[in-house]
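Below is one structure, written out as structure tokens; the observations come after it.
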Amino acid sequence: MRKFFRLLWRLISAPFRPFFRFFLNLYYFFSIEPEDAPIPEAIAKTIQQPRGLLEHLTVLRKHLFYALIALVITTGTAFAYLEDLVAWLTKPIGGIQSLQAIEVTEPLGVAMRVVLLAGFAAALPYIAFEFYLFAAPGLTVRGRIRGLLALPLVTIFFLAGMAFAYYVMLPAALPFLIHFLGIPAAIRPASYIRFTTGLMFWIGVAFQFPLVIYALAAMGLVKARMLAEQWRLAVVLIAVLAAAITPTIDPINMALVMGPMIVLYFLSIGLAYLAQGGRARNTTD
């Protein structure tokens with residue numbers, strides 16, 4: 001009789017068992033603190049026992065594989081909107097009719113660049129989530145919660161950087177480049193799309209700087225006071241980076257890149273202060 005009731009209970013609880021396991025794992029995920037060890041000690045332990053590093057690399061490979069699958073899916077989906085995406089990207093130069101292809105394979109290369117950028121932007125939330133899952137076991141409970149709350153900011157900052165490049169930089173840079181020295185220009189699709197997608201991607205990456213500084217400060221690798229004291233050096237480095245990213249040689253477009261990057265730097269100092277405060281509270285607890 002006991003076996004009958006046990007079997008009956010298993011049949012009744014079977015549909016609810018996956019949900020119970022999910023919430024139980026979620027509870028452990030946000031309640032178990034990792035072993036706290038200084039970074040030099042962790043590095044020394046890894047050197048002495050390299051097997052642990054191999055295990056971490058295996059887990060990283062799994063998360064990278066899932067992220068790659070998401071990128072393939074979003075890139076494939078972007079093909080359905082290829083014409084709309086190309087029309088949107090070529091709007092600053094007057095539309096796709098303003099471009100002239102001179103090679104047979106040029107439209108195919110243009111299509112691949114456009115869908116890759118669109119696919120990466122669409123898959124970025126999931127890619128960031130996979131990296132979060134990889135790093136989460138080594139974070140404190142507060143760090144896991146803050147990291148989870150910060151995940152939307154990764155996409156928001158990246159899209160903000162792309163929007164800044166498209167709506168601010170391109171309208172300012174294109175007239176200077178096209179009409180420089182008054183030489184008539186027959187613009188190739190491959191050249192224009194490579195220029196546009198590269199600029200939008202790298203400006204989007206540059207807008208991730210505050211989040212990177214926040215993460216480094218939370219791990220104790222960067223101090224907010226040090227960032228504040230070295231702001232002059234930071235401005236010089238930002239100028240060099242802006243000169244490398246800026247598609248033109250005039251100071252106006254360079255200033256358009258430097259302005260938001262300097263603002264992001266000072267925003268990073270504030271985020272570093274917040275991260276240090278949270279780290280100090282964790283140490284006290």
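The values are calculated or read from the model by the stated rules, or taken from the named source; none is laboratory data. Because the structure is a prediction, the values reported are computed rather than measured. Reconstructed Cβ throughout: ideal geometry from the backbone, glycine too, with neighbour counts over all protein chains shown.
Here's the yes/no breakdown for (1) under 24 Å from the mean Cα position of the chain (by Cα); (2) assigned by TED's automatic domain parsing to the domain that holds ALA272; (3) of a type in the set (Gly, Ala, Ser):
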| position | (1), (2), (3) |
| --- | --- |
| PHE131 | yes, no, no |
| ARG142 | yes, no, no |
| ALA163 | yes, no, yes |
| MET169 | yes, no, no |
| ALA172 | no, no, yes |
| ARG188 | no, no, no |
| THR197 | yes, no, no |
| LYS223 | yes, yes, no |
| LEU237 | yes, yes, no |
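One residue is enough: does the stretch 226-245 have a residue meeting the conditions buried (at least 19 other Cβ atoms within 10 Å of the Cβ) and among the aromatic types (Phe, Trp, Tyr)? Quick ask: steps written out before the conclusion?
Residues of the stretch 226-245 buried (at least 19 other Cβ atoms within 10 Å of the Cβ): 227, 238, 242, 245.
Adding the requirement that they be among the aromatic types (Phe, Trp, Tyr) leaves none.
Looking for residues that are buried (at least 19 other Cβ atoms within 10 Å of the Cβ) and among the aromatic types (Phe, Trp, Tyr), one finds none in the stretch 226-245, hence no.
Residues that are farther than 23 Å from ALA122 by Cβ and buried (at least 19 other Cβ atoms within 10 Å of the Cβ) within the stretch 160-176 comprise ALA173, LEU174, listed in sequence order.
Quick one: count up the residues across the stretch 198-209 that are surrounded by fewer than 20 Cβ atoms within 10 Å (Cβ to Cβ) and either of a type in the set (Val, Ile, Thr) or assigned to a helix (DSSP H, G or I) (or both). Even if it seems obvious, please write down each step before you answer.
First, pick out the residues of the stretch 198-209 that are surrounded by fewer than 20 Cβ atoms within 10 Å (Cβ to Cβ): 198, 201-202, 205, 208-209.
Then keep just the ones that are either of a type in the set (Val, Ile, Thr) or assigned to a helix (DSSP H, G or I) (or both); that gives 198, 201-202, 205, 209.
The number of residues fulfilling the criteria is 5.
Which residue is nearest to TYR214 (Cα to Cα), if the candidates are limited to the stretch 130-159 and must be modelled with pLDDT of 90 or more and surrounded by fewer than 17 Cβ atoms within 10 Å (Cβ to Cβ)? Selected residue: ILE156.
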